[in-house]
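The values are calculated or read from the model by the stated rules, or taken from the named source; none is laboratory data. Treat the numbers as computed from the prediction; the structure is a model and nothing was measured. Cβ placement follows ideal geometry from the backbone for every residue including glycine, while neighbour counts extend to all protein chains displayed. Remember, those area values only see protein heavy atoms, side chains included, never the ligands or the DNA or RNA. Shrake-Rupley method; radii C 1.70, N 1.55, O 1.52, S 1.80 Å.
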Amino acid sequence: MEKIVSLAKRRGFIFQSSEIYGGLNSCWDYGPLGVELKNNVKRAWWRRMVQERDDMVGQDASILMHPRVWEASGHLEGFTDPLVDCKQCRQRFRADHVTGKTCPECGGELTEPRNFNLMFKTFMGPVEDQAAVVYLRPETAQGIFVNFNNILTTTRKRLPFGVAQIGKSFRNEITPGNFTFRTREFEQMEIEYFVKPGTDEEHFHKWVETRYKWYKELGISPERLRLRPHAQDELAHYAKACVDIEYYFPMGWSELEGIANRTDYDLKRHAEYSGNKLEYFDQELNEHYVPYVIEPSAGADRATLAFLLDAYHEEPDKDEIRVVLRFHPELAPVKVAVLPLSRKEPLTDMAKEISQELRRHWNTEYDDAKSIGRRYRRQDEIGTPFCVTVDFQSPEDQTVTVRDRDTMEQTRLSVAELVPYLREKLDN
Ligand code: ATP
């Protein structure tokens, strides 16, 4: 993990938040390459889960919601972690993260566990009283349930159909850590997939498969990916089944995403608390019922971290170690770099013109600083799949070389062939 944290900072993927003030615990900023990577992760999710499917639509609900939402969802009452304090050094721990009754830091005595609600509380408007309390959402899912009728009437979708959403969530985690794995502000990619009761188990298994495939197809090594079904006593009281997709992070197997069969619990609770019916009219059966829901809930930051960790490779190259991020081309922050062999004018002019043309299609970098070997190294280290080199022959015959990040092979081709060649290789 240290190597990734250091590369992420050095190359501009992820910085500590408010670093010049000493940083803010567990808060991170995505830098110029990090924002491209994370956007590509979110885009790849949206593309496969929404755009390419006829049974899915998207939405973007607000972070602040009516406080009754959290009563109905059960978060106000039950979204808690057990907290213990050390009576000696005052450190706090999640009770289920410590064994025994002594502090893992100093050996002091621990207090009895008490429940700590993870929701961030704030006030809406100028008066800070109980009536003005609102919460920062701890998950995006509830924004979908409360819009169930709106989506149904505006899209006229038939079951089964799903609603997808990407957005920030906030949890006042007791022990955040492991870089961006567990933070207090993070982004989720969630789906609520509504199905006819009785077909829920079949859809649940399909979603587990679909989501597992998504990680694999975007390049996560299958041996670092596994499914972990929840035991019966681990399930939330309303859930019929839950499977976690886990990744082998440096700290061990940990959750990337959870897929749950939430039955009709959420829609029924919101119907009860809001006084609005949240039902589906089945034209074939000529009856109303409350759909069941399958929820694949992923973290955009955790997925980004997993893609970053999995892409990292060190390999011997002559007397040196070559560090290369073998990102899937769809996720690579920079798709192509244009490198003139020298800073001489006919070369730089031509290279600038080429990079301008490529920018119309892909995120492209132009780099003419330092030796060509160092520039290749830098592009390897940020995972750029292709480098286009403009050399002394280029202005004469309008050809360039294209270097492949993974094989390091160079292919000479004419400038006119460049876009179709890269399009085929990058597959977009
Ligand atoms: P954990 O057991 O790790 O706390 P969870 O089971 O509470 O996670 P869910 O409520 O199922 O998590 O949230 C769905 C997804 O949102 C998680 O699989 C994860 O990818 C992401 N996520 C949840 N909490 C955090 C967090 N504090 N920081 C970053 N991502 C998070």
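Give me the percent of DSSP beta bridges within the range 334-426 that run antiparallel, rounded to the nearest 5. It would help to have the intermediate numbers written out before the result.
Working: 9 of 17 bridges.
Close to 55 percent.
Computed from the C-beta positions of R92 and E209, the FRET efficiency with R₀ = 56 Å rounds to 0.90. Within the listed set D55, D310, D85, the Gaussian network model of the chain (springs between alpha-carbon atoms below 10 Å) gives the highest mean-square fluctuation for D85.
Helix 200-217 axis versus longest C-alpha principal axis of the chain: approximately 20°, rounded to the nearest ten. Within the shell of other residues whose beta carbon sits under 12 angstrom from the beta carbon of T122, the net charge comes to +1, with Lys and Arg scored +1 and Asp and Glu -1. Positive contributions from Lys and Arg (+1) and negative ones from Asp and Glu (-1), summed over other residues with Cβ under 10 Å from the Cβ of E217, come out at +2. Kirkwood radius, the range 334-426, all distinct C-alpha pairs, inverse of mean reciprocal distance: 12.8 Å. Straight-line reach from K240: taking Cα to Cα under 16 Å and skipping same-chain neighbours fewer than 8 places apart, the aspartates and glutamates in range are E192, D200, E201, E202, D264, D266, E295. Once the C-beta distance of D397 and E424 is scaled by a Förster radius of 30 Å, the resulting FRET efficiency is 0.85 to the nearest 0.05.
Multiply the residue gap between D233 and M251 by 0.36 nm, knock off their C-alpha separation, and tell me the result in nm, one decimal place. Present the calculation step by step, with values, prior to reporting the outcome.
Details: separation 18, 0.36 × 18 = 6.48 nm, distance 2.49 nm.
Extending this stretch completely gives an extra 4.0 nm.
Close amide-amide hydrogen proximity is noted between M119 and N172, each under 5 Å apart and 5 or more residues distant or on a separate chain (H modeled in the peptide plane; Pro and chain starts excluded). Taking a straight line from the alpha carbon of K87, these lysines sit under 21 Å away, with near neighbours fewer than eight places off in the same chain left out: K101. Computed from phi, the 3J(HN,Hα) profile of the range 118-131 under the Karplus parametrisation 6.51, -1.76, 1.60 (θ = phi - 60°) reads 7, 7, 6, 10, 8, 10, 9, x, x, 9, 8, 10, 4, 5 Hz, with x in place of Gly and Pro.
Report note on the peptides 123-130, 41-48: ranked by the mean count of other C-beta atoms within 10 Å, highest first, their order is 41-48, 123-130. With a Förster radius of 45 Å applied to the C-beta separation of Q59 and I20, the computed FRET efficiency comes to 0.75.
If the limit is 28 Å between Cα atoms, which of K157/K206; K121/K157; K206/K335; K206/K268; K9/K335 go over it? Correct reply: K121/K157; K206/K335. Taking the C-alpha atoms only, the angle from helix 32-46 to the longest principal axis of the chain is near 60 degrees. Amide hydrogen proximity for F249: with H placed 1.01 Å from N in the peptide plane, the residues at 5 or more positions away or on another chain lying under 5 Å are S254. The residues of the range 334-426 expose, per residue, 49 Å² of accessible area to a 1.4 Å probe.
Find how much the distance from E409 to D129 grows on full extension, using 0.36 nm per residue of separation minus their present alpha carbon separation; answer in nm with one decimal.
94.2 nm
Add -39500 (n - 2.57) for each DSSP H run of 4 or more in the chain, then divide by its residues: what number comes out at 222 nm, to the nearest 500 deg cm²/dmol?
On the way: 13 runs with 128 residues, N = 428.
It lands at -8500 deg cm²/dmol.
Measuring nothing but protein heavy atoms, the accessible surface of the chain at 1.4 Å probe radius is 48 percent carbon and sulfur.
Treating each Cα of the range 102-198 as an identical point scatterer and summing with the Debye formula, the log10 of I(q)/I(0) at q = 0.14, 0.20 Å⁻¹ comes to -0.80, -1.07.
Counted residue by residue at 0.36 nm each, then reduced by the alpha carbon distance between them, the extension gain from R322 to K101 reaches 74.8 nm.
How would you order 200-206, 337-343 from highest to lowest mean count of nearby Cβ atoms within 10 Å?
Listed from highest to lowest mean packing, they are 337-343, 200-206.
Computed over the chain with a Gaussian network model linking Cα atoms closer than 10 Å, the most mobile of G162, G252, G100 is G100.
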